[in-house]
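What follows is a single structure, written as structure tokens, with notes after it.
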Amino acid sequence: MAKAVENRGIVATYALHEHLLSNRASRRLHESDPPSLNDVQRSALEAVDREGYATLRFDELVTDEALRDAVLAQGADFVASTEAGLREESREDGQGSELRRRPGKEFLVRAHSFDGVRLGLDHAWLRACLSPYLLDVARAYLRMWPKLSYVDLWYTVPQPPEADRVASQLWHYDFDDKHLLKAFLYLDDVDAETGPFEYVAGSQPGGPHHDVRPWKPMGFGRVPEDEVKRAVPDEAIRTFTAPRGTIIFCNTSGLHRGGFATSRARVLATATYCSPASLAALSERNYDVDPSRLSGLSREGRYAVS
């Protein structure tokens with residue numbers, strides 16, 4: 001009963017911040033200073049508005065070659081350290097490494113998880129997420145100045161093909177905000193056996209398939225596969241097999257799943273843009289920022305990490 005009362009309070013707090021407090025101010029900021037999008041960004045925005053997702057090449061979106069190379073190099077370093085840790089875990093003496101995993105999602109190794117790591121602009125993926133290349137797409141899609149709530153790199157450990165799907169490998173929606181835009185950057189080629197991201201096109205709020213399981217704050221996000229099959233035509237389910245350097249934008253308050261890798265690891269960088277209401281009521285960041293290491297950020301960049 002105490003938990004139910006607490007949840008009702010959280011939902012009420014979210015509604016207050018969504019309509020009156022946090023988001024109202026961020027919408028005014030957007031209206032007074034909307035982003036100027038180039039053709040690539042505008043095409044991505046139109047696709048996410050229409051379908052709930054967009055795919056494009058990282059080198060089309062991010063024209064700064066040095067920044068692109070830094071992100072890919074960071075990904076390669078993460079793969080090397082993760083695979084070294086996995087080798088340590090497999091040693092017969094049982095003295096494993098300290099890979100970052102969360103209970104219930106042991107198949108997923110994270111660079112940061114929720115360890116309170118302090119990041120600065122020497123972190124290449126954070127720098128990319130706060131650059132106009134990505135941040136302006138998030139601003140335009142959410143119609144407000146967003147917060148950057150999550151920044152990480154993921155290594156999905158292959159599982160036996162006969163294993164059951166668990167956690168985020170099942171169909172679900174993210175219930176921490178109605179106003180979400182996630183970015184997934186594939187850091188290696190992803191095929192059908194590498195745990196590709198999957199998404200129900202049109203399941204985002206306002207889309208034709210959103211009623212399969214309408215979004216609500218603190219809602220239970222898992223949706224049984226048979227329910228999805230009954231309600232969604234096969235052609236609406238998108239499976240994102242794609243080469244290294246593909247970036248996916250999607251609203252994950254729509255139905256999605258991924259990470260059921262069987263043949264080899266899936267490696268990606270990911271980020272979540274949300275509304276200020278989410279951080280005020282439903283979410284917490286997985287990182288901290290070092291203000292002394294963020295000089296040179298734009299106003300909207302500083303706002304995103306504040």
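The table below gives the values:
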read-out: Which of Ile10, Ile237, Ile247 has the fewest Cβ neighbours within 10 Å, and the rest in rising order; value: Ile10, Ile237, Ile247
read-out: Extreme residue, positive dipole direction of region 2-305, given options Leu37, Pro276, Ala111 (C-beta unit charges); value: Pro276
read-out: Packing-based exposure ordering (other Cβ within 10 Å, fewest first) of Tyr133, Tyr199; value: Tyr133, Tyr199
read-out: Segment Glu106-Thr13, length gained on full extension (0.36 nm per residue, minus Cα span); value: 30.3 nm
read-out: At R0 = 45 Å, FRET efficiency that the Cβ-Cβ distance of Ala167 and Ser43 yields, to 0.05; value: 0.85
read-out: Inter-label distance for Leu20 and Arg299, nm, one decimal - labels placed 7 Å from Cα along Cα-to-Cβ; value: 2.7 nm
read-out: Cα centroid of region 132-147 to Cα centroid of region 68-130, whole Å; value: 26 Å
read-out: In nm, spacing of pseudo-spin labels at Arg50 and Glu83 (7 Å Cα→C-beta vector); value: 3.9 nm
read-out: FRET efficiency for Val117 and Ala76, using Cβ-Cβ distance with R0 set to 25 Å, rounded to 0.05; value: 0.80
read-out: Cα-based radius of gyration of region 108-148 once divided by 2.2 N^0.38 Å, which approximates compact folds; value: 1.36
read-out: Per-residue Cβ neighbour rank within 10 angstrom, fewest leading, Met218, Met144; value: Met218, Met144
read-out: Candidates per GluC sites (Glu not before Pro) in region 103-208, loop by DSSP, up to 12 other Cβ within 10 Å; value: Glu162
read-out: Per-bin percent of Cα-Cα distances, the chain [10 Å]; value: 6, 26, 37, 24, 7, 1, 0
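No value in this document is a laboratory result; all are computed from the given coordinates. Just so it is clear, the model here is predicted, and its values are computed rather than measured. Positions of Cβ are backbone-derived with ideal geometry, glycine not excepted, and every protein chain shown enters the neighbour counts.
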